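Enquirer: Would you mind keeping the following structure in view while I ask a few things?
The values are calculated or read from the model by the stated rules, or taken from the named source; none is laboratory data. Fair warning: this is a prediction, and the values are worked out from it, not measured in the lab. Neighbour counts run over all protein chains shown; Cβ positions are idealised from the backbone, glycine included. To get the accessible areas, we keep the full protein, side chains included, count just its heavy atoms, and leave off ligands, DNA and RNA. Shrake-Rupley method; radii C 1.70, N 1.55, O 1.52, S 1.80 Å.
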Amino acid sequence: MGSNLGELLLREKVLTPEQLKSALDMQRDKSIPLQTAIVSLGLVSEEDMAQALSRQLGYPYIDLDQFEVYPDVVNLIPVDIAKKYLIMPIHRIRSFLTLAMVDPTDLEVIEDIRFRTGLSIQPVIASESGIMNAINKYYGSSSALKVKKIIEDIELAEDTRVNIIEEEKEDYDVEELVHSTEEAPVITLVNTIFVDAIKKGASDVHFEPYEQTFRVRFRMDGILHEMMSLPMKFKSPVTSRVKILANMDIAEKRLPQDGRIKMKVKLENGGRKEVDMRISALPTIFGEKVVARILDRQMLKLDLTELGFEEESLEKFTEAIHRPWGIILVTGPTGSGKTNTLYSAVSTLNSLEKNILTAEDPVEFNIGGINQVHIKEEIGLDFPRTLRSFLRQDPDIMLVGEMRDFETVDIAIKAALTGHLVFSTVHTNDAASTIIRLVNMNVEPFLIADSVILVVAQRLVRRLCQKCKVPHKLPTKALIDIGYTAEEAEKVDVWKAQGCDACSNTGYKGRIALYEVMPVDDDIRELILTRAQSREIKKKAMEKGMITLRRSGLIKIKNGITSVEEVLRESVKD
């Protein structure tokens, strides 16, 4: 197998003889497929290798994401064989099975599958990651297989009590719909999906109706993954079941709705976990899309040393949060971990001697000893009004969920200047541009200079799975291009994602933050007072030792924590 693939790639001039020798050595030393060794060493991308094989062998190259594979075809090959050989059955016509393969030159695999299935094999070429994603999607976890079994039982049982409601415009029977959601199989189906999401550490579950499919996706480590596609007739009872659990109006399908679910989950170790879920229902042209946001307190890290701060950055941040007064701003896009950073800061300061008040929209986690207020603008309980009330509550520390307008910023600045420590967030791209954002909100520069003591910018990147990460050989020039110095580029070891059972074949497990911490010292204050541009402020901060988002990412790449792709996705070169 190895020699055939290697000869083809040499003939196509995709590899040099020296590169092939390195890959063969790695294949022998680590007992991995040759194609995996070639990609791991960074000699050829999966896409380039697949395209080269397609040209040489004449087999078509396919993108598995564009295919829908039927269960009877998937069942032809056991999951352990599919993973072992890196293959995926995709289509069957009479006695012919179309088989997606990374290496179609492997005649032993083709013969083995022909013997197992009794079918003639027609190979097509797909990338390794494409095949692994397809295996994960169609074979799934034990919970996903359980969902498939539930669906089969519902569809095949002649005496089933489940009455699937076929919805047509506004013509439906609410009582019948409620009854259908109370049947055991539908309850089990919804519960299984939620339990699987919680066990996988998903942050969100998406139930998405389309014209021909009812898709379920999980957001894991910030990335959405398709977990299953339910038959269309389950759209109405599943959606209604979730809405009933969230105390929402199942008869209202034309307007957005919000609700909450509390759920206890039994874990494999015998313990129990309690999670909150926020449910949002949104009417789309094909029905209601329902998203469940899973708030798992055990996933919340309140130890500042575990968030991702570099040592120098953590020292600056810790010094600032222990000041008696001033404003500390955390900036970044939605989903960048700002709430976790703020909760960690106030939890560090939480003591009997401190009166800590927070205004949040919404309150995501309840922290003992801290007075948390849920903003409700529809009844007039907005940030400015809440902050004014805080000042009459004898506060030491205040956390404002977001500085959205001048009035909120103005009250926060007055609080800081009268001896209070204030934490808040602003939506900007980096630490320096936060100052310009405040100026654009009509805040006087002298007030910013006098009140703001620290600005933190952050992004979340996925952690490489430590069980399956593999070396990634990159040219020195490429490393210099992303930000390393020439000297660093010669020494740095880079790793990349591969995928295994421990990380659900994604190559990543968990997330960590990139941090840019900018103290507002005398030099920065001088620039603020002269209305300097953000690039001037950033330049001065870097001169004084600020670690930027990109540099924070480069340090984490060097330490084997994350990949180049993740850092490039979440930061820009300085």
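Enquirer: Kindly check whether there is at least one residue in the range 363-378 that is open to solvent by less than 30 Å² (accessible area, probe 1.4 Å) and closer than 20 Å to P324 by Cα.
Expert: yes
Enquirer: Which of the helices (runs of 4 or more DSSP H) contained wholly in the range 1-64 include at least 2 residues that are out of contact with any Lys or Arg (no Cβ under 8 Å at 6 or more places or on another chain) and more than 20 Å from A497 (Cα to Cα)?
Expert: Because the criterion is at least 2 residues that are out of contact with any Lys or Arg (no Cβ under 8 Å at 6 or more places or on another chain) and more than 20 Å from A497 (Cα to Cα), the helices (runs of 4 or more DSSP H) in the range 1-64 that meet it are 2-11, 17-30, 46-57.
Enquirer: Would you be able to say whether some residue in the range 223-231 is in a strand (DSSP E or B), open to solvent by less than 10 Å² (accessible area, probe 1.4 Å) and farther than 27 Å from V74 by Cβ?
Expert: No - not one qualifying residue is present in the range 223-231.
Enquirer: Consider the range 417-438. How many of its residues are surrounded by fewer than 22 Cβ atoms within 10 Å (Cβ to Cβ) and over 14 Å from G332 (Cα atoms)? Reasoning before the result, please.
Expert: The initial filter retains those residues of the range 417-438 that are surrounded by fewer than 22 Cβ atoms within 10 Å (Cβ to Cβ), namely 417-420, 426-429, 433, 436-437.
In the following step, the residues that additionally are over 14 Å from G332 (Cα atoms) were identified as 417-420, 436.
Going through the range 417-438 one residue at a time, the tally reaches 5.
Enquirer: When the range 65-75 is examined, which residues are found to be farther than 29 Å from S31 by Cβ, of a type outside the set (D, E, K, R) and assigned to a helix (DSSP H, G or I)?
Expert: Result: Q66, P71, V73.
Enquirer: Just name the residue that is most open to solvent (accessible area, probe 1.4 Å) out of those in the range 63-93 that are acidic (D, E) and closer than 14 Å to S127 by Cα. Spell out the reasoning first.
Expert: At the first step, the residues of the range 63-93 found to be acidic (D, E) are 63, 65, 68, 72, 80.
Filter once more, keeping what is closer than 14 Å to S127 by Cα: 63, 65.
Working: D63: 73, D65: 110 Å².
Restricting to residues being acidic (D, E) and closer than 14 Å to S127 by Cα, the top hit is D65.
Enquirer: Kindly evaluate E288 against the criterion of being open to solvent by 50 Å² or more (accessible area, probe 1.4 Å), out of contact with any Asp or Glu (no Cβ under 8 Å at 6 or more places or on another chain) and at pLDDT 90 or above.
Expert: Answer is no for this residue.
Enquirer: Sticking with this one: Name every residue in the range 462-477 that is in a strand (DSSP E or B) and within 15 Å of C503 (Cα to Cα), in order of residue number.
Expert: To start, the set of residues in the range 462-477 that are in a strand (DSSP E or B) comprises 462-464, 470-471.
Scanning the range 462-477 gives R462, R463, L464, V470.
Enquirer: Within the range 317-334, can you find the residues that are buried (at least 19 other Cβ atoms within 10 Å of the Cβ) and not hydrophobic (A, V, I, L, M, F, W, C)?
Expert: Across the range 317-334, the qualifying residues are G326, T331, G332.
Enquirer: What are the residues in the range 527-544 that are under 21 Å from R323 (Cα atoms) and surrounded by fewer than 19 Cβ atoms within 10 Å (Cβ to Cβ), if any?
Expert: The answer is K544, and nothing else.
Enquirer: Then there's this: Modelled with pLDDT under 90 and within 30 Å of G201 (Cβ to Cβ): does that describe K573?
Expert: So K573 does not fit the description; no.
Enquirer: With respect to R551, is the statement that it is part of a strand (DSSP E or B) and open to solvent by 30 Å² or more (accessible area, probe 1.4 Å) true?
Expert: In short, no.
Enquirer: Return the residue satisfying two criteria in turn: it lies in the range 500-513 and is within 22 Å of R459 (Cβ to Cβ) and in contact with a Gly (Cβ under 7 Å, 6 or more places away or on another chain), and of such residues it is surrounded by the most Cβ atoms within 10 Å (Cβ to Cβ).
Expert: Selected residue: A513.
Enquirer: Please work out if T305 is closer than 15 Å to A513 by Cβ, in a loop (DSSP other than H, G, I, E, B) and of a type in the set (S, T, N, Q).
Expert: No.
Enquirer: Also: Quick one: which helices (runs of 4 or more DSSP H) sit completely within the range 76-140 and have at least 1 residues that are among the β-branched types (V, I, T), in contact (Cβ under 8 Å) with a residue 12 or more places away in the chain and farther than 21 Å from M227 by Cβ?
Expert: In the range 76-140, 79-85, 107-117 are the helices (runs of 4 or more DSSP H) which contain 1 or more residues that are among the β-branched types (V, I, T), in contact (Cβ under 8 Å) with a residue 12 or more places away in the chain and farther than 21 Å from M227 by Cβ.
Enquirer: For E516, are the conditions met, namely being buried (at least 23 other Cβ atoms within 10 Å of the Cβ) and in contact with a Lys or Arg (Cβ under 9 Å, 6 or more places away or on another chain)?
Expert: Numbers: buried (at least 23 other Cβ atoms within 10 Å of the Cβ): yes; in contact with a Lys or Arg (Cβ under 9 Å, 6 or more places away or on another chain): yes.
The answer is yes for E516.
Enquirer: Further question: Please indicate, with yes or no, whether at least one residue in the range 88-96 is among the aromatic types (F, W, Y), more than 25 Å from E565 (Cα to Cα), out of contact with any His (no Cβ under 8 Å at 6 or more places or on another chain) and at pLDDT 80 or above. Please lay out each step first, then the result.
Expert: We begin by selecting, within the range 88-96, every residue among the aromatic types (F, W, Y); these are 96.
The next check asks that each one be more than 25 Å from E565 (Cα to Cα); those that pass are 96.
Retained after the next criterion (residues that are out of contact with any His (no Cβ under 8 Å at 6 or more places or on another chain)): 96.
After this cut, where a residue has to be at pLDDT 80 or above as well, the list is 96.
Within the range 88-96 (the criterion being among the aromatic types (F, W, Y), more than 25 Å from E565 (Cα to Cα), out of contact with any His (no Cβ under 8 Å at 6 or more places or on another chain) and at pLDDT 80 or above), the answer is yes, since at least one residue qualifies.
Enquirer: A follow-up question, please. Here is a list of conditions, (1) modelled with pLDDT under 90; (2) open to solvent by less than 40 Å² (accessible area, probe 1.4 Å); (3) within 21 Å of R217 (Cβ to Cβ), and I250 meets all of them except one; can you say which number that is?
Expert: Exception for I250: condition (3).
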